[in-house]
């Protein structure tokens, strides 16, 4: 079972990003982004949080293709944070 971490201790911006990470639209993206956010969001600096919010604004279909390596990631999203999520996904397979 996949559960959103408590938002206790998070500022409003991080709470909102955590909520959005768990409510993407497709279950696979909910789980991938949600689990990553559970682990990482409290430690994000402002730049990481802004980059994460930018990823959350993208369409699930595009994100899924990028994360699965079906198409190259768009240049402006080929960032260290994107690669952290890729590494997290590899270390925590969904199913």
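No lab work stands behind these numbers, since they all come straight from the coordinates. All figures in this text were calculated on a predicted structure; none of them were measured in a lab. Positions of Cβ are generated from backbone atoms using ideal geometry, with glycine treated the same way; all protein chains shown enter the neighbour counts.
List of remarks:
- Using the rule -39500 (n - 2.57) for each DSSP H run of four or more residues, divided by the residues of the chain, the 222 nm mean residue ellipticity is -17500 deg cm²/dmol.
- C-alpha long axis of helix 27-40 to longest principal axis of the chain, angle in °: 50 degrees
- With neighbours defined as other Cβ atoms within 10 Å of a residue's Cβ, the residues 75, 26 order from fewest to most as 75, 26.
- Only one of (i) 72, 47, 21; (ii) 37, 31, 23; (iii) 52, 36, 22 was calculated from the structure for Cα extents along the principal axes in Å, and its label is (ii).
- Packing-based exposure ordering (other Cβ within 10 Å, fewest first) of 51, 58: 58, 51
- Modelled spin-label separation between residue 16 and residue 45, with each label point placed 7 Å from Cα along the Cα-to-Cβ direction: 2.2 nm.
- Residue order for 73, 3, fewest other beta carbons within 10 angstrom first, comes to 3, 73.
- On Cα atoms only, tilt of 46-56 relative to the major axis of the chain in degrees: 60 degrees
- If R0 is taken as 30 Å, the Cβ-Cβ distance between residue 4 and residue 74 corresponds to a FRET efficiency of 0.65.
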